[in-house]
Ligand code: IVH
């Protein structure tokens, strides 16, 4: 049995250890023990306190959550008023702020600023008496706030007791209570499951969670705290700079924002602003701007206050990311892949730093989920470089007559049928190359490296060729002439000649590459290889219906349907005929037997050095088309090493392991090229 004396000693040791680990975890963000060890310490303390209730103190780490809910919050008077900040919305307003500060101080010397992210939560005051958390209060109107001590005590990053030495006998630390994006999303997901209230943003969630009469609810909400200011200070002195005070806060166990910096002059401020704007989306919590504070406290004192804000600090706000406007109409845009995207035409509105008159509605599922109708008032969001989107409808403003959004049956660009597959959110135009919206993308894909590999025929050039009316279908590529190409922007005689030559070579391809190049929906490189190997000839494949296609190993019903649908379209036959007429050809040899295993089945190949007559990708495709596998490195499992010019270390490795070597001639014979 533990004696009272031993227990008292152990309890003190445990509390010190737990407080130290809290500090390492929350303030320094550098935990030294795993969570399980921490939990063990806490449980031991709980057990001892249950055994010896007289040892329980208010500041024990076990005493964060009190048991009795309050009837109401008490009121608290802030001895030092809790001020707010003036805002600057652009660079000029920040420069004006600095100019005014210089004028008042009469010093032309560059000022130093403490620059901090502006957290989007709620301001809080924490009074520590002799290092013990005595009171937590909301800002309220700045003079009178609410006593939320019970709730504040449940926030793990708020120390119940300060650590270290030299803190004033009375210290009122101030800062922000906030909720991380992750916790916010979790909370809302949980609320949605239980059909409870969904919070509009992390700020509201933090405020709603803190203002709970039952602290157990607050305890379940994952709130966090950063200190950035102070109020009353008695029985001790703070250092002479804001940044130094925050450093002391940290030593005493008060969490401060690791993004805080000291910067020089207005240019330093603006640089900080840009850095934080760029980093904003990656921060785990929401910020709505940055704050600049004159770092020297003596200068702060000289500058003083106006009304409810200090003259020594300013909030430089990011442009608001959300705004309200009216949705006039919904139109459908056909993307490069044929996907139909509903686009909201809006009453122009200034949001996220730009005027927005179009916003995406993503797809019909989203339109239905959000119940967006033409004539509605909507919330539009534009964050960073992200495409503006319609976030939600303001139902309270819905007029009597709104029109529902309907998916068009035919493509607005080419008039082909629009298909929306069962269970898919995206609707697509079935026009393929026939649809001008998809033409560029399909031609670009046709020429891409793993398709017909026409080097030099990239996105920009395809764009030019299609716009100039020189290319409508892939077959047109093979009719391009040097003078035609040389006439184009950024194209000289020489590159035109090179391109025509590359195109010439590209005529000779493989069936797998050709199938992949056609851009059949659901047919990627591997599927193209599987199909080529299985059917051997294009004619055989074209004759196969969906039932025959699903018989092919690795081909499921979705792929089978897409392939069958493609070859069902007469205009796709025209595309293929035109390509063959233009001279596109492939060896019709790979007709592996429809039954039994392909010739290289189970064989593992490794390639080294450069092959003179084909690219690495071609060599790989050739091996795969015959059922072989290609590996990146030589091992005991390797069957053959294909050796090209200037082979690498793989050759020595293969020799060591006694693996079969094959030169290019032998390799081509194997592939029957
Ligand atoms: S300093 C006298 N620093 O912004 C200066 N405030 O608009 C008092 N806020 O009520 C505030 N991050 O809730 C300061 N790093 C920061 C801040 C910050 C967020 C909030 C705070 C304040 C409001 C003023």
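Remarks
- Taken over region 87-109, residues that are at pLDDT 95 or above and assigned to a loop (DSSP other than H, G, I, E, B) amount to 0.
- Residue 203 vs. criteria in contact (Cβ under 8 Å) with a residue 40 or more places away in the chain, under 26 Å from residue 279 (Cα atoms), part of a helix (DSSP H, G or I) and within 16 Å of the ligand (Cβ to nearest atom): yes
- Residue list for region 383-420, restricted to those being out of contact with any strand residue (DSSP E or B) (no Cβ under 8 Å at 6 or more places or on another chain) and in a loop (DSSP other than H, G, I, E, B): 383, 384, 385, 386, 399, 400, 401, 406, 415
- Pair list, Cβ under 9 Å, 6 or more apart: region 537-558 residue on the phi > 0 side of the Ramachandran plot, other residue in a helix (DSSP H, G or I): 554/526; 554/527; 554/530
- Residue that is within 35 Å of the chain's Cα centre (by Cα) and part of a loop (DSSP other than H, G, I, E, B), where the choices are 454, 443: 454
- Residue in region 193-203 that is touching a strand residue (DSSP E or B) at 6+ places or on another chain (Cβ under 6 Å) and at pLDDT below 95 present: yes
- The residue list 160, 187, 170 contains one member that is crowded, with 20+ Cβ neighbours inside 10 Å and farther than 30 Å from residue 391 by Cβ, which is 160.
- Scan region 127-157 for residues that are surrounded by fewer than 17 Cβ atoms within 10 Å (Cβ to Cβ) and closer than 16 Å to residue 248 by Cα and the total you get is 1.
- Residue 106 vs. criteria surrounded by fewer than 19 Cβ atoms within 10 Å (Cβ to Cβ), within 12 Å of the ligand (Cβ to nearest atom) and more than 33 Å from the chain's Cα centre (by Cα): no
- Within region 71-98, restricting attention to residues that are within 39 Å of the chain's Cα centre (by Cα) and more than 16 Å from the ligand (Cβ to nearest atom), the residue that is surrounded by the fewest Cβ atoms within 10 Å (Cβ to Cβ) is 92.
- Qualifying strands (runs of 3 or more DSSP E) (wholly inside region 231-349; at least 1 residues being within 16 Å of the ligand (Cβ to nearest atom) and at pLDDT 95 or above): 261-264, 287-294, 313-317
- Residue within region 358-368 that is outside any helix (DSSP H, G or I) and either more than 26 Å from residue 438 (Cα to Cα) or within 16 Å of the ligand (Cβ to nearest atom) (or both) present: no
- For the residues 209, 220, the requirement of being away from the ligand (no atom under 15 Å from the Cβ) and either within 24 Å of residue 288 (Cβ to Cβ) or touching a helix residue (DSSP H, G or I) at 6+ places or on another chain (Cβ under 7 Å) (or both) singles out 209.
- Of all the listed residues (227, 207, 247, 278), the sole one being over 29 Å from the mean Cα position of the chain (by Cα) and on the phi < 0 side of the Ramachandran plot is 247.
- Comparison of 177, 198 shows that the only residue that is within 14 Å of the ligand (Cβ to nearest atom) and under 25 Å from the mean Cα position of the chain (by Cα) is 177.
- Residues satisfying the stated conditions in region 157-174, i.e. within 16 Å of the ligand (Cβ to nearest atom) and in a loop (DSSP other than H, G, I, E, B): 157, 158
Yes/no matrix, rows are residues, columns are (1) modelled with pLDDT under 80; (2) touching a helix residue (DSSP H, G or I) at 6+ places or on another chain (Cβ under 7 Å):
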| position | (1), (2) |
| --- | --- |
| 583 | no, no |
| 587 | no, no |
| 590 | yes, yes |
| 595 | yes, no |
| 605 | no, yes |
| 609 | no, no |
| 612 | no, yes |
| 625 | no, yes |
| 634 | no, yes |
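- Subset of region 140-149 that is touching a strand residue (DSSP E or B) at 6+ places or on another chain (Cβ under 8 Å) and not in a strand (DSSP E or B) - its residue that is nearest to residue 213 (Cα to Cα): 148
- Any hit, region 63-70, residues being part of a helix (DSSP H, G or I) and more than 36 Å from the chain's Cα centre (by Cα): yes
- If only residues of region 110-139 that are in a strand (DSSP E or B), without any contact (Cβ under 8 Å) to a residue 60 or more places away in the chain and away from the ligand (no atom under 16 Å from the Cβ) are counted, the one that is nearest to residue 58 (Cα to Cα) is 134.
- Entry remark, region 77-86: residues being part of a loop (DSSP other than H, G, I, E, B) and over 15 Å from residue 293 (Cα atoms) number 5 in total.
- Tally, over region 286-310, of residues that are touching a residue at least 24 places away in the same chain (Cβ under 8 Å), in contact with a helix residue (DSSP H, G or I) (Cβ under 9 Å, 6 or more places away or on another chain) and more than 18 Å from residue 270 (Cα to Cα): 8
- Matching helices (runs of 4 or more DSSP H) fully within region 492-587 where at least 2 residues are within 41 Å of the chain's Cα centre (by Cα): 493-506, 511-517, 525-535, 546-550, 557-568, 570-581
The values are calculated or read from the model by the stated rules, or taken from the named source; none is laboratory data. Just so it is clear, the structure is predicted and the values come from calculations on it, not from any experiment. Please note: Cβ atoms are built from the backbone with ideal geometry, for glycine as well, and neighbour counts cover all protein chains shown.
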